Amino acid sequence: MATTATYHCPACGTAYPADRPIWRCPCGSHLNLAPGPGLRRTDIVGADASLWRYRAALALQGPPKISLGEGWTPLVTRRWDGASVRFKLESQMPTGSFKDRGTAVMLNHLLEVGVGPIHEDSSGNAGSSIATYAAAAGLPCRIYVPAAAPRGKVVQIAASGAEVRAIPGTRQAVTEAALAAVDESFYASHNWHPFFIEGTKTLAYELWEQLGFAVPDNILVPTGYGSNILGLARGFDELTRRGEIARWPRLFAVQAENCAALAAAWAAGSADYVPFAPGPTIADGIATVKPVRMAEVLSALRGSGGGVVAVPEGDIGPGVKALGRLGLFVEPTAATAGAALTRLLADGTIRPEETTIVILPGHGLKATDKIGELLGLS
Ligand SMILES: [Zn+2]
């Protein structure tokens, strides 16, 4: 296991030992974990069919105190527009979304450093994940959700025994309610806490191992705040520095055109946030107006040679249906990646003979109301 990890503040430059429950720097900025040591393929605990097979690379002090079997998700091959494509079923996590990678590692860290009641704000999948793992850990938990949050996700949160606080108004109002509660309980925010990305980095390790210790050419990721992009970048960076890989895949962030903060910055050639006009989208899981680590996500995409794809709203429903007919039942947020792949294959950015991974982050059972409407069911 690693020695105590170090937080660095990208704004004021302060460093802190990661031995206490903090979620941001006193200066107001987010914090990042210093790069980890990575791992050699011989460090993998092959008998453990979960992300804990990579425990040697995680910045924790000991073995996990709680696990629901997260990680080691299927990587299945299907034909898509004439290409052989590998779909990574992050939808098959304990709570039905990729969030469990980040949540499991973040909560195990918080248990190591000592934490009491926690709270979080979420429109759905992250709230479901945090509430579920809090239940597994025996921690009291309160989740602030938009009053209009998808019912299936709110039911999932409530089923774990967490307190659900429905907040009327905008998504921003929900975040403000969570921020106002920081003196009552610990803000276990998946968007702010660096250990969430420590968890999502195992996606890079897992793809590398499942491809026979090889690096794919392209990875498409439905992206809101960018924790999967940052996790992939962190994981591939660690493998590079450990000498296990010699090149990176191209990382493509997929957004819904109606709410595409990264696409707006990318189109402007900006290294950070640029103002844009967010609109409604069926892809609720990636409808992010202002990602916390915007500059880092853009830097990771540029550094990989990849980019940003903004999917028109009208392409998302057909994406859900096309994936469903391949046996891949996912929520509309995840289906944006299928629609994006169609565009990247059509314009020649991705060639059919390349090794391409499509990340499917969320299960279709999360969004049966919306998918029923897409299918014309009464
Ligand atoms: Zn700072």
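The values are calculated or read from the model by the stated rules, or taken from the named source; none is laboratory data. Just so it is clear, the model here is predicted, and its values are computed rather than measured. Counting neighbours? That spans all protein chains shown, and the Cβs are built from the backbone with ideal geometry, glycine included. Keep in mind that these areas ignore ligands, DNA and RNA; they rest on the heavy atoms of the full protein, side chains included. Shrake-Rupley method; radii C 1.70, N 1.55, O 1.52, S 1.80 Å.
Per-structure values
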read-out: Test: Ala59 is within 21 Å of the chain's Cα centre (by Cα) and in contact (Cβ under 8 Å) with a residue 60 or more places away in the chain; value: yes
read-out: Subset of region 161-219 (residues that are small (Gly, Ala, Ser) and open to solvent by less than 50 Å² (accessible area, probe 1.4 Å)); value: Ala162, Ala173, Ala177, Ala178, Ala181, Ser185, Ala188, Ser189, Gly199, Ala204, Ala214
read-out: Pair list, Cβ under 6 Å, 6 or more apart: region 18-29 residue within 11 Å of His109 (Cα to Cα), other residue in a loop (DSSP other than H, G, I, E, B) and of a type in the set (Val, Ile, Thr); value: Asp19/Thr4; Pro21/Val115
read-out: Strands (runs of 3 or more DSSP E) within region 1-106 that include 2 or more residues within 16 Å of the ligand (Cβ to nearest atom) and surrounded by 15 or more Cβ atoms within 10 Å (Cβ to Cβ); value: 6-8
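Residue by residue, here is whether (1) within 22 Å of Leu75 (Cα to Cα); (2) free of Cβ contacts under 8 Å to residues at least 60 places away in the same chain; (3) in a loop (DSSP other than H, G, I, E, B) holds:
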site	(1), (2), (3)
Asn258	no, yes, no
Ala264	no, yes, no
Asp272	no, yes, yes
Val289	no, no, yes
